[in-house]
Amino acid sequence: MGTSLLPIDELTEDDLDAWRNLAEGAVEPNPFFHPDFALTVAEKLDVTGIFALVVREGTEWRACLPVERRRGWRRMPLRGLVSWNHIYCFLCTPLARADGLDAAMTELVDEGVRSSGGFLGLDLLATDGPVNAALERSAAAHGRKPVELDRFERATLARRDDGAYLALSAKHRRNFERLRRHLERDLGGELSLRDRSDDPEAREEFLRLEASGWKGEGGTGTAFAPIGHGDLFLGICERMAARGMLQIASAEISGRPVAMLCNFVSGDTVFTFKIAADYELGKYSPGIQLSILYLEHFHSLPELLRADSCAEPGNQMINRLWPDRRELGIRAIPAPNVKGVLARPPLKGMAWLRRRRR
C-alpha cells in the first residue's frame, strides 16, 4: 500500500473514479465524503486548501479522508491536519474497504500525523463501527494513544421486523394525531407521504418551503436560499440523484407540501440532510407529521437497515421520535515530533473541559 495527500482540485478523472468506487463500496457508508458531494461543496462555496488523504494499492483506493490544514480546530492553538468538516457535513468517518481494513487505517494515520505538522484531528467519527475499531487496534499496536476531545450520541433508526419505530409516549401520540386531524380538516384533504426523489421540481419546491420557514423564524439555522446557497443545494441534489443516492419525501395534502425531507442513501443507510416545513402551518407541527409518516416509508424499503438523523445530540424533536442512537466522537492523534509533544497538553486540557461541561 502507498499513501498520498492529494489536493482535491487537482484530482484526475481516474482519481475521481477510484474515489467513487471506494465510496460506493465502503465498509461504513458516508455520503458526505462521496466525491460528488464533497467536490460540489468545494466548487460552489469556492473552498480551497482541501486534500484527499488516500491509501492506495495500485490504482485502487483503499481508504480516503478529506482533510484540511487548520489552526484553531476545536479551539486548538496549534496547526494540525483535520477532517474537512463544514456546515453541510454531518459525518466525518473515513471511507475504507472491509478487506485489509486494519492495514489501511494504519497507513492512513501514519501519513496523516506525518503530514500534519502537529496532530491529526478526527472530527465526527462514528465510534460504533468497524472503521473506529480498526483505528483503535492500530493505535494500540503502534503505541499511538489518541486524545478523545468529546463523545456524544444522536438519534438513529435500526430496522425492526415489526416496524414499530415510533418512540413517542401514548400522550404525545394522541396529541400529534389530533394535530394531524385538524390539519387535514383545515386544508380539506388527507395527509400522505409522496416520494419525489426523481422529480427535479421537488428540489426547487424544497428551497421555497425552507425559505418560508427561514423568514418566519427570523433567519436562524443554515437554510440554503437565504444565505445564497440555493445553487449549492440544487447542484448536490443533481449529482447525488445521478448516483441514485437522492431521496426526497414530501408530506402533502391535495398536492400542497406541508413539509419536505431531503436524504442521501448510501449502502444500507439513509442519512437526513435537510428538512423544510411550511411556517404558516407551524401550529400543526408539520415537520413532526412528516417524520412520523417517514417511519412507514423507511420500513417499506427492505434494503435500508439504518437511518441516521444527522441531528444535533440535543435535538429534542427527533430524540422523542426515534428510539435508537449512534455514538460519535472527536479525537486527535499527536504527531511523534516536537510539535506533537507540544500539542498533547492543550488537547488533554480541552478534553478535560468538555468532560466538565457534560
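The values are calculated or read from the model by the stated rules, or taken from the named source; none is laboratory data. As the structure is a prediction and not an experimental result, all values here were calculated from the model. Using ideal geometry, Cβ is built from the backbone for each residue, glycine included, and neighbour counts are taken over all protein chains shown. Only protein heavy atoms, including side chains, enter the accessible area calculation; ligands, DNA and RNA are left aside. Shrake-Rupley method; radii C 1.70, N 1.55, O 1.52, S 1.80 Å.
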- residue 5 to residue 103: extension gain in nm, 0.36 nm per residue of separation minus the Cα-Cα distance? 33.5 nm
- Surface accessible to a 1.4 Å probe, per residue, for the residues of segment 38-95, Å²: 39
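Calculated FRET efficiency, residue 45 and residue 199, Cβ-Cβ r, R0 25 Å, to nearest 0.05?
The pair residue 45/residue 199 has a calculated efficiency of 0.45.
Counting only heavy atoms of protein chains, what accessible area per residue, in Å², does segment 119-213 have with a probe of 1.4 Å?
Each residue of segment 119-213 exposes 51 Å² on average to a 1.4 Å probe.
Out of the total accessible area of the chain (probe 1.4 Å, heavy atoms of protein only), what percent is carbon and sulfur?
Values: 7640 of 15910 Å².
Taking all protein chains in place, the chain shows 48 percent carbon and sulfur surface.
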- Query: So, with +1 on the Cβ of K and R and -1 on the Cβ of D and E, and no other charges, what is the size of the charge dipole of the chain about its Cα centre, to the nearest 20 debye?
  - Reply: 2320
- Provide the three semi-axes, in whole Å and in decreasing order, of the ellipsoid equivalent to segment 35-171 as defined by the square roots of 5 times the Cα gyration tensor eigenvalues. 28, 20, 17
- May I ask you to give the average projected area over all directions of the convex hull of the Cα atoms of segment 290-358, in nm² rounded to one decimal? 7.2
- Task: Give the span of the chain's Cα atoms along each principal axis, as three whole-Å numbers ordered largest to smallest.
- Result: 68, 47, 42
- Ordering 24-30, 45-51, 106-112, 199-205 by per-residue average of other C-beta atoms within 10 angstrom, highest first, gives 106-112, 24-30, 199-205, 45-51
- Note on the structure: Ratio for segment 43-120, C-alpha Rg to 2.2 N^0.38 Å, reads 1.15
- What does the charge add up to near residue 139, with Lys and Arg as +1, Asp and Glu as -1, over the other residues with Cβ less than 12 Å from its Cβ? 0
